[in-house]
1. Going through region 172-198 one residue at a time, which ones are of a type outside the set (Val, Ile, Thr), farther than 22 Å from Ser104 by Cβ and open to solvent by 10 Å² or more (accessible area, probe 1.4 Å)?
2. Yes or no: Ala357 part of a helix (DSSP H, G or I), small (Gly, Ala, Ser), open to solvent by 10 Å² or more (accessible area, probe 1.4 Å) and more than 13 Å from Ile284 (Cβ to Cβ)?
3. Could you tell me which of the residues Leu126, Leu80, Leu102 is open to solvent by 30 Å² or more (accessible area, probe 1.4 Å), at pLDDT below 95, in contact with a Phe, Trp or Tyr (Cβ under 8 Å, 6 or more places away or on another chain) and not hydroxyl-bearing (Ser, Thr, Tyr)?
4. So how many residues does region 44-56 have that are buried (at least 21 other Cβ atoms within 10 Å of the Cβ) and part of a loop (DSSP other than H, G, I, E, B)?
5. Scan region 251-262 and tell me whether some residue there is more than 16 Å from the ligand (Cβ to nearest atom), at positive phi and not acidic (Asp, Glu).
6. Given the criterion within 25 Å of the chain's Cα centre (by Cα) and part of a helix (DSSP H, G or I), identify the matching residue among Phe318, Phe336.
7. Do we have Cys3 as open to solvent by less than 60 Å² (accessible area, probe 1.4 Å) and assigned to a strand (DSSP E or B) here?
8. Quick one: which residue in Gly346, Gly272 is free of Cβ contacts under 8 Å to residues at least 60 places away in the same chain and either within 11 Å of the ligand (Cβ to nearest atom) or in a helix (DSSP H, G or I) (or both)?
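The values are calculated or read from the model by the stated rules, or taken from the named source; none is laboratory data. The shown structure was predicted, so the numbers you read here are calculated from the model rather than taken from an experiment. Note: ideal-geometry Cβ built from the backbone for every residue, glycine included; neighbour counts use all protein chains shown. Heads up: the accessible areas ignore ligands, DNA and RNA and are worked out on the full protein's heavy atoms, side chains in. Shrake-Rupley method; radii C 1.70, N 1.55, O 1.52, S 1.80 Å.
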Amino acid sequence: MHCAGFAFHVVAQDPASAARCGTFHTPHGAVDLPAFMPVGTQATVKGLTVDQVRASGAQMILANTYHLALRPGEAVVRSLGGLHAFCGWDGPILTDSGGFQLFSLARNTSITEEKAVFRSHIDGNLLELSPERAVAIQEALASDVAMVLDHVVALPAEPAVVRDATQRTLRWARRSQQAQTRSDQALFAIVQGGLDPELRVECARRLTEMDFPGYAIGGLSVGETPAEMYRVLDVTVPALPEDRPRYLMGDLLEAIRRGVDLFDCVLPTRNGRNALAFTAAGPIRLRNVRYADDPRPLEADCPCAACRHARGYLRHLFLAGEMLGPILVSLHNLTFYQRLLSAARGAIANGEYTAFADEKLRCLGSLGT
Ligand SMILES: [Zn+2]
C-alpha cells in the first residue's frame, strides 16, 4: 500500500471457501479481519460511550460523511481536532462517501457527470456533492479510511441505467483519487455494476488497475434478493486483488465465506433500541410477556453489562420507557456481533469456516441488512 501507516496481511485462508483472516494496520491501530464496524452515523454509536463500544470488542467504527457534512459541518469537526478528537474514539474510523445516502436519504437527487445535486433531508436546502468535495469533506473529518463517491442505483434497473452509473462510478473513482491530498488516509474504491456479472468484473478490474488500497462491493442492499447478492459477490470478489481489504455494507456470514473482510450494519444497534436481542439460540423479543419473570441473562456466557441482569429486568426497562434498556441491549448486540466475528476468525484459522457458517446460519439467519 502506498499510504503512510497502512498495511494489510492475510494470516489464514480457509481451505474450503474464500474466507480469510488477516490484519489491517491503520494510523490509529490494527484491526483483526474479518471485522465488524459498529455504525456511528452522527459520530456516535447511538446510546453508547466510546468506552462501551470498545468494551464490546469493536476495533474500528464507521461514521457518515453525508450526515456530518450537513450537521455540524466538516469545518466544525476539523476545528475540534478531527473525528477522533471530536467523538473520543482513538481507534480506526472509516467514513463512507455519501453516495449511498444520496440514493437512500437525500431528496430530489439529480446526478450529472460533474456532481450530485440534492436537497438536505434535514432542512430541504439545495446542496451539491462531487467526487472532489466528498474527498475534501473526508480529509477534513480526518478518518483513517475514506470512500470514493459512487453512483448508486435502485435495483431492479434497466441495463443501460446500471451501465451508465457504473461507468460514472469509474470516472468518479479516478477524480477522487486525483483529489486526494492526505497521505495518512486510505481511499477505498467502490465496485458497482448492479446484478450484471460482466459489468461487475469489468468495474472491479478497472478499479484494480487504478491501484486503490482497498475495495468496497457497493450497490447492494438496494432491492435485490440475498441469492442475487451472493451471485454478485461470487463474481466480484475473485476479480479484486488478494492483497487488499474488501468491504461490504450488510450481510456477514455468507459474505465472509466469499472473501469479504470488513463489514458494517445498523442491525445490532437499531434492533437493540427496539428491544430485540441477538443470542446464539436465536433472537429474543424482550417485549414478549414470556420474559416478564425470566431470571436468566440474555446469554449466560456473555461478558457484557446487559448480561449481568435478568431478562425480566431488561424487559421492565423497555416497558417503563427507561433509556437504560436501549443502551444495554445495544451493548449486548454489539458484543454478540464481535463475539461472532471472533469465533469466525478462529474457525477460519482452524480451516473450519464452512461448517461454522452453516451451523450459525441455521441458528441465526444471515444477520445482514
Ligand atoms: Zn450480553
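1. Arg174, Arg175, Gln177, Gln178, Ala179, Gln180, Arg182, Ser183, Asp184, Pro197, Glu198
2. no
3. Leu126
4. Of the residues in region 44-56, 3 are buried (at least 21 other Cβ atoms within 10 Å of the Cβ) and part of a loop (DSSP other than H, G, I, E, B).
5. Yes, because at least one residue in region 251-262 is more than 16 Å from the ligand (Cβ to nearest atom), at positive phi and not acidic (Asp, Glu).
6. Unique residue meeting the criteria: Phe336.
7. Criteria not met by Cys3.
8. Gly346
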